[in-house]
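First up is the structure itself, then whatever we jot down about it.
Values quoted throughout were computed directly from the atomic coordinates according to the rules given, and no laboratory measurement underlies them. Only a predicted model underlies this, so the values are computations on that prediction, with no experimental measurement involved. Cβ: placed from backbone, ideal geometry, glycine included. Neighbour counts: every protein chain shown.
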Amino acid sequence: MFPNVKIGVLVARNLNNSNEHQNFLDLIRRAEKDVREKYQLEGLAALPKIADWREAYRKFGFKPSSHRSSIEALMRRILKGKSLPAINPIVDIYNFISIEYILPVGGDDIDQIDGDIMLTIADGTERFIMLGSDKPEEIKKGEVIYRDDREVLCRAWNYRECDKSKITTNTKNVCLVVEGLEHTSEEEVLKGLSRLKELLVPLCKGTFQEFLLHKNNLEAFF
């Protein structure tokens, strides 16, 4: 369905996700200002990278005006004059990378994962509990999902993350992804991945592994 997909994977271990990072939050505010100066809300859907995700959502049966990709949701929030919330260093860094490269970026605490992480098509019977909730939510047959061996980690590709593997200040080990479709090159994904690592090192320390997944390289082992 999506032959042009490219996914950069950054596996980071032994992180410290509880450090003070006010200087980095200042960097995010400057990035938000740049977004507001460069883009307009009315033209957002026509940006090639955003349009790619809107078309992908249509392909698996989701209306993009009511179910927005993570990058479109972030951009719309900023262009409406709102700031990105400060959550914790890892999440704030990957949100920054997302708006810097206009790409969806997300991740999971791998210590909370059961088995493998898979990007696949839902059969509609999977279990999903959204971030911040304790109630199961119905998954639509045919939607693209990230899942582990037990349940859905992120529904509608990058629309809503689960509560189980959320990244908190206690998180030590993560799997982060940078996602691109037709109008994103492999080189751009790799640059985003490298920048992600570059920002994580001084704030969170840790050790890292990098992978690039595409139609000719479907698995990463770590």
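Other residues within the sphere of radius under 12 Å centred on the Cβ of E126, judged by their own Cβ, net out at -1 (K and R +1, D and E -1). Neighbour counts of other Cβ atoms within 10 Å put R160, R30, R36 in the fewest-to-most order R30, R36, R160. Rounded, prolate or oblate: which fits the chain, taking a ≥ b ≥ c as square roots of the Cα gyration tensor eigenvalues, rounded meaning a/c under 1.5, else prolate when a/b beats b/c? Cα axes put the chain in the rounded bin. Put in order of Cβ neighbour count within 10 Å, fewest first, the listed residues I129, I97, I113 become I129, I113, I97.
Each of S66, S194 was scored by other Cβ atoms within 10 Å of its Cβ. Listed from fewest to most, they are S66, S194.
Percent relative contact order of the chain, based on C-alpha pairs within less than 8 angstrom and at least six residues apart? Once normalised by length, the contact order is 36 percent.
Between R13 and E42, the FRET efficiency estimated from the beta carbon spacing at R0 = 45 angstrom works out to 0.55.
The 3J(HN,Hα) values that the Karplus relation (6.51, -1.76, 1.60; θ = phi - 60°) gives for segment 107-116 are, in residue order, x, 9, 6, 6, 6, 9, 8, 9, x, 8 Hz. Gly and Pro appear as x.
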